[in-house]
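Accompanying notes for the structure given below.
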Amino acid sequence: MNFLDKFKKIFPFIFSIFLYTFLVKSQGTSLQIFCDAGGPYVRTATVLVVGNVTNITSQKGEEANLSIKIQKDGDILAEKNLTSSLNGTFYSIFTQDFGIGNYTLNVTAEKGGEQVTCLDEFRILLSQPLVCEDKLLKIEGRAIYSSTGESVTSGKVYAIVAETLDRNSTTFSNGQFSFYLKACLVLGKRYTLGITVEDNQGKKGSYQTIFLAV
């Protein structure tokens, strides 16, 4: 089962993993949203959109109706409607050939009459811009049970870069984890990092975020 297939299966979000993300907030709403389209992409490559919706008050993931649009020069070239998972995460893939150029991602989340919007930009190139370079990614965080707020006593954490399939894992205790993942990355390109935490009873929680190779 590849990385995307794993995300098609929605796990009960048992753990909250504290990582840095950029959030877009709107006044007068309890929702906040993060989105990213990745890239730059080679022409005909699959465009991957990921993100999450959160309740500002509770700081927990929020199930919401989503409208995802890809635009160029104000024209809508692709659009999908879906619902975020119970823990607020969402992803969508676009396989059509958009052509070379700069594009805008527009994601709107709606729940109970409230709306919040996230914008991002990505590029599509004629060919692969650069060869990759070996990089060490430091991955650290804290795993807790979302139902109680207590730290996970012990378990294992797995990390994978979706676009390259570079991966690593480690065991941890007292909820804290810190380890390195070696990956070959193109400088200036954004990547999707997937993290899965599993405690010693086999309970799992997953998280995904976007990072820029520098």
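What follows is calculated from the coordinates using simple rules that are stated; it is not laboratory data. All values derive from a computational prediction rather than experimental measurement. Heads up, the Cβs are rebuilt from the backbone with ideal geometry, glycines too, and the neighbour counts pull from every protein chain shown.
Once divided by 2.2 N^0.38 Å, the Cα radius of gyration of the stretch 41-123 becomes 1.15. Taking a ≥ b ≥ c as the square roots of the Cα gyration tensor eigenvalues, the stretch 36-82 comes out prolate, since a/c reaches at least 1.5 and a/b is larger than b/c. Considering all C-alpha pairs of the stretch 133-212, those separated by over 21 Å amount to 29%.
Taking the beta-carbon count within 10 Å as an exposure proxy, list 50, 107 from fewest neighbours to most.
Final ranking by Cβ density, sparse to dense: 50, 107.
Rounded to the nearest Å, what's the spacing between the alpha carbon centres of the stretch 38-89 and the stretch 91-142? Just the number, please. Between the Cα centres of the stretch 38-89 and the stretch 91-142 lies a distance of 9 Å.
Filter 135/156; 69/189; 72/204; 69/135; 60/156 down to the pairs with a C-alpha to C-alpha distance above 28 Å, please. Write out the running numbers ahead of the final one.
Values: 135/156 23 Å; 69/189 21 Å; 72/204 39 Å; 69/135 33 Å; 60/156 23 Å.
Pairs exceeding 28 Å: 72/204; 69/135.
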